[in-house]
Amino acid sequence: MDNPAPVAPGADRRTPVVVVAGTFGPAAARVDQVATALGAAAGTVVVGHDLGELREGIVQRTVRDRDREQRSVLELAHGCVSCTLRADLLPLLCTLAARDSVRRIVLALDPAFEAEEVCRAIDEFVVAGMVGRVDGPAARDVRVEAVLTCLDAPSWLSDATGEETLAERGRATADDDRTVAQLAVGQVDFADALVLFGTATMGPLENQRLGAVLKRLVPAAPVLRADSGMVTATRVEELLAAIPDDSRRGEIFDAHAPLLRDSPPLVAEYGVALIEFAAARPFHPVRLHEALDVLFEGVVTARGRLWLATQPEEVVWLESAGGGLRVGGAGRWLAAMEPGEREKADPDRLALAALRWDDRFGDRDVSLVILVHDADPEEIRRALHWALVDDAELRLVERSPERVARWTDPFGEWHADLCESAETAATPPSGESGDHAWKER
């Protein structure tokens, strides 16, 4: 195949990058298969990192095109995913993009690499000290053309709703508290297109329930069903071409972006449903902490913005996957900002806030979206309603915030990044640790 075509005059001349991600199990082996199919195109370079020995500080890197393959063994001072990104992958992308012979780069991600964090690092992390290149993010040299995620259909839903950590599966160190569910859900949620393997071995109801879950996670993503276990270059290139023009293509959404994207189905199918929960009053932190148990049974994922009575200035972000949950700070409410600071906020955020501005509490509110596969939506709604402050407590929130601030708050402390270094030029990806550290139920 001769695709991709040369860049047209006046077009974005950065080298396109296709990210191929997967989860653990059979899907991990399929990543290389899909990446190899894409590598059949002239001018395409496939890059892979094997993190199987990461705990020993060793990473095996492969760089190949149609004519040759180069393997290298890297030794890292810190055996972590973020360090691999900073020390090797990002500089390598810049080096490859500078070569006239390279017209596309395919990243075949090890399962421990989260596609979202790779794209975040490309966009934000400053690559410094490269000869002949001005310091700056790799996004000056490359652009994410698409993120493809490979799934092992028979096992994905079980992984996405389980409690096992990466360390328990032998894929991370003990201080990495990410869960298998986090990766399983995250790799799909961030995808522009999906490649499903193994659907032919599943019964009709299993296929329908899996399809209902995926349609609500990524409703606009085209799907390639590789039931034969084989994918050809032609089929994968057709999948890329089928991705909608307005797909996210590596874009990182902040906490104030819409929680429902691309018009997912809002009716229940095969026990799968999306729950929207919104409230114009805050949560009582202790009751919320107790109520969160409803998110651990029969729930694929939940995410959204929280208003805690004890933290009137802070937007609190909640995200769950299976038996794992993370909670962290997501900036300040507009109402807590000085006028000059507020004017610098994202225009879309300002416009949406103006539509629901409250004279007492400004833009503060609760907004959650919960995807269930085997849970009672009404039970979840009741538990969350119970966790909201009652009318008497709301009057205290308005009139005596100093008293409310003394309430017990289980969400009062965020976690620090274990790999944070004064030498880093930008905030490291947060998937491995940090404010949004994953905790088991």
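The values are calculated or read from the model by the stated rules, or taken from the named source; none is laboratory data. All values reported here derive from a predicted model rather than from experimental measurement. Using ideal geometry, Cβ is built from the backbone for each residue, glycine included, and neighbour counts are taken over all protein chains shown. The area values use the complete protein model at the heavy-atom level, side chains included, leaving out ligands, DNA and RNA. Shrake-Rupley method; radii C 1.70, N 1.55, O 1.52, S 1.80 Å.
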| request: Please find, within region 379-401, the residue that is least open to solvent (accessible area, probe 1.4 Å) out of those that are among the basic types (Lys, Arg) and farther than 19 Å from Phe277 by Cβ. | output: Arg395
| request: Kindly provide the set of residues from region 292-314 that are more than 18 Å from Ile380 (Cα to Cα), assigned to a strand (DSSP E or B) and open to solvent by less than 10 Å² (accessible area, probe 1.4 Å), ordered by number. | output: Leu308
| Just checking, which of Gln33, Gln70 is more than 20 Å from Val126 (Cβ to Cβ) and crowded, with 17+ Cβ neighbours inside 10 Å? | Gln33
| Residue in region 223-252 that is most open to solvent (accessible area, probe 1.4 Å), counting only those that are farther than 15 Å from Glu145 by Cα and part of a loop (DSSP other than H, G, I, E, B) | Met230
| task | Kindly indicate whether any position in region 347-354 is open to solvent by less than 50 Å² (accessible area, probe 1.4 Å) and not in a helix (DSSP H, G or I). | result | no
| Of all residues in region 113-146 being small (Gly, Ala, Ser) and open to solvent by less than 50 Å² (accessible area, probe 1.4 Å), the one that is farthest from Pro91 (Cα to Cα) | Ala146
| said: Looking at region 234-256 only, could you name the residues that are among the small types (Gly, Ala, Ser) and under 15 Å from Leu194 (Cα atoms)? | reply: Ala241, Ala242, Ser247, Gly250
| Ala11 versus (1) within 19 Å of the chain's Cα centre (by Cα); (2) more than 17 Å from Ser101 (Cβ to Cβ): which is the lone unmet condition? | (1)
| said: Is it the case, given these coordinates, that Arg66 is more than 25 Å from the chain's Cα centre (by Cα) and basic (Lys, Arg)? | reply: yes
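Quick one: would you say Pro264 is free of Cβ contacts under 8 Å to residues at least 60 places away in the same chain and either touching a strand residue (DSSP E or B) at 6+ places or on another chain (Cβ under 8 Å) or aromatic (Phe, Trp, Tyr) (or both)?
When the stated conditions are applied, Pro264 passes them.
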| field | region 95-110, subset open to solvent by 10 Å² or more (accessible area, probe 1.4 Å) and not aliphatic (A, V, I, L, M), residue farthest from Thr15 (Cα to Cα) | value | Asp110
| Using beta carbons and a limit of 9 Å, which pairs, at least six apart or on different chains, have the first residue in region 231-251 and farther than 14 Å from Val18 by Cβ and the second one in a helix (DSSP H, G or I) and open to solvent by 70 Å² or more (accessible area, probe 1.4 Å)? | Glu251/Asp123
